[in-house]
Amino acid sequence: MAEVTALWFRQPQLGAPVVVLLHGRHANERSMEGFLPAIPAHYGAVSVRGLVEVGPDAYAWFENRGIGRPLPESLRATMDQFRAWLDGAIDTQHPVILLGWSGGTAFAGGLVLDDPTRYRAAALLYGTVPFEAGLDVAVDRLLGLSVLHAQSDNDPIMPPDLMARTWDYLTNESGADLVTYKTHTGHQLSSDVAEYLPVWLRGQEEHSLA
């Protein structure tokens, strides 16, 4: 695996959250720059490069046996390496919000399942939770964690069975403080999710002050 490469778009103000952006498969850290306008100006924003090289300037978060189906040993190795970087790079005074896109959603989902208390919140966008990867998916595993989940009912990339299982787990079993969007935009961010994302992100700081 490669060393962790992080692109800091913006450092956080004192005590403010940091949004950690996790790109999809066959992309890189620069591909998440489009999310920057949604992130409050005083929040930190850092985009991390996937740890598995899959092509020229193209990366993923784990080796897999199909879309959304990580190899458990690969996911464990990359999560451990990411966590070591996170704990060294972001002081605990700054709550961490994960924002995953596509394959980055599977990685973000793995991270919060592995240690739900480490993260303030997770936006799981147009991807799936990594089931059958050695992670705890018990009822109420994400109890109290703020989660924004969006998926499309005509996504040509994500496996329908995994999308259905992800929706069911998050809404009925996870215990998360959940907001969901079901869109019809293929594998693209819908306008209503794009409009709500900055509202949801601002709310995570307000939640921390409650």
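The values are calculated or read from the model by the stated rules, or taken from the named source; none is laboratory data. Keep in mind the model is a prediction, meaning the values are calculated, not measured. Methodologically, a virtual Cβ is constructed for each residue, glycine included, from the backbone with ideal geometry; neighbour enumeration extends over all protein chains shown.
Can you pull out the residues in region 1-36 that are free of Cβ contacts under 8 Å to residues at least 24 places away in the same chain and in contact with a helix residue (DSSP H, G or I) (Cβ under 9 Å, 6 or more places away or on another chain)?
Glu3 - this is the single residue of region 1-36 that is free of Cβ contacts under 8 Å to residues at least 24 places away in the same chain and in contact with a helix residue (DSSP H, G or I) (Cβ under 9 Å, 6 or more places away or on another chain).
If you scan region 21-38, which residues turn out to be in contact with a Gly (Cβ under 9 Å, 6 or more places away or on another chain) and part of a helix (DSSP H, G or I)?
Glu29, Ser31, Met32
Which numbered condition in (1) over 19 Å from Leu21 (Cβ atoms); (2) among the acidic types (Asp, Glu); (3) at pLDDT below 95 is the only one that Asp168 fails?
(3) is the only condition that Asp168 fails.
Looking at Ala108, Ala164, which is the one that is part of a helix (DSSP H, G or I) and closer than 19 Å to Phe82 by Cβ?
Exactly one residue qualifies, and that residue is Ala108.
What are the pairs with Cβ atoms under 9 angstrom where one residue, in region 170-196, is among the basic types (Lys, Arg) and the other, located anywhere, is part of a loop (DSSP other than H, G, I, E, B)? Sequence gap at least six, or different chains.
Lys182/Asp153
Looking at Pro130, Pro156 in this structure, which one is surrounded by fewer than 20 Cβ atoms within 10 Å (Cβ to Cβ) and modelled with pLDDT of 95 or more?
Unique residue meeting the criteria: Pro156.
With Arg65, Arg120 as the choices, which residue is closer than 25 Å to Val193 by Cβ and either modelled with pLDDT under 95 or basic (Lys, Arg) (or both)?
Criteria check complete, one pass: Arg120.
Give the residues of region 167-200 that are of a type in the set (Ser, Thr, Tyr) and either within 14 Å of Leu99 (Cα to Cα) or assigned to a helix (DSSP H, G or I) (or both), sorted by residue number.
Hits for region 167-200 are Tyr169, Thr171, Ser191, Tyr196.
Does Ile39 fit the bill of being out of contact with any Asp or Glu (no Cβ under 8 Å at 6 or more places or on another chain), surrounded by fewer than 23 Cβ atoms within 10 Å (Cβ to Cβ) and β-branched (Val, Ile, Thr)?
Details: out of contact with any Asp or Glu (no Cβ under 8 Å at 6 or more places or on another chain): yes; surrounded by fewer than 23 Cβ atoms within 10 Å (Cβ to Cβ): yes; β-branched (Val, Ile, Thr): yes.
Yes; evaluated as a whole, the condition is true for this residue.
This table checks each residue for (1) touching a residue at least 60 places away in the same chain (Cβ under 8 Å); (2) touching a helix residue (DSSP H, G or I) at 6+ places or on another chain (Cβ under 7 Å); (3) acidic (Asp, Glu).
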site: Asp87; (1), (2), (3): no, no, yes
site: Asp91; (1), (2), (3): no, no, yes
site: Ile97; (1), (2), (3): yes, yes, no
site: Gly103; (1), (2), (3): yes, no, no
site: Ala106; (1), (2), (3): no, no, no
site: Pro116; (1), (2), (3): no, no, no
site: Arg120; (1), (2), (3): yes, yes, no
site: Leu125; (1), (2), (3): yes, yes, no
site: Val137; (1), (2), (3): no, yes, no
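Starting from residues that are more than 9 Å from the chain's Cα centre (by Cα) and not aliphatic (A, V, I, L, M), keep the ones in region 96-126 and report whichever is surrounded by the most Cβ atoms within 10 Å (Cβ to Cβ).
Looking at residues that are more than 9 Å from the chain's Cα centre (by Cα) and not aliphatic (A, V, I, L, M), I get Tyr126.
From Leu113, Leu98, which residue is within 24 Å of Lys182 (Cβ to Cβ) and either among the small types (Gly, Ala, Ser) or assigned to a strand (DSSP E or B) (or both)?
Details: Leu113 fails: either among the small types (Gly, Ala, Ser) or assigned to a strand (DSSP E or B) (or both).
After ruling out the rest, the residue left standing is Leu98.
I'd like to know if region 43-50 contains one or more residues that are over 23 Å from Tyr196 (Cα atoms), assigned to a loop (DSSP other than H, G, I, E, B) and either touching a residue at least 12 places away in the same chain (Cβ under 8 Å) or not hydroxyl-bearing (Ser, Thr, Tyr) (or both).
yes
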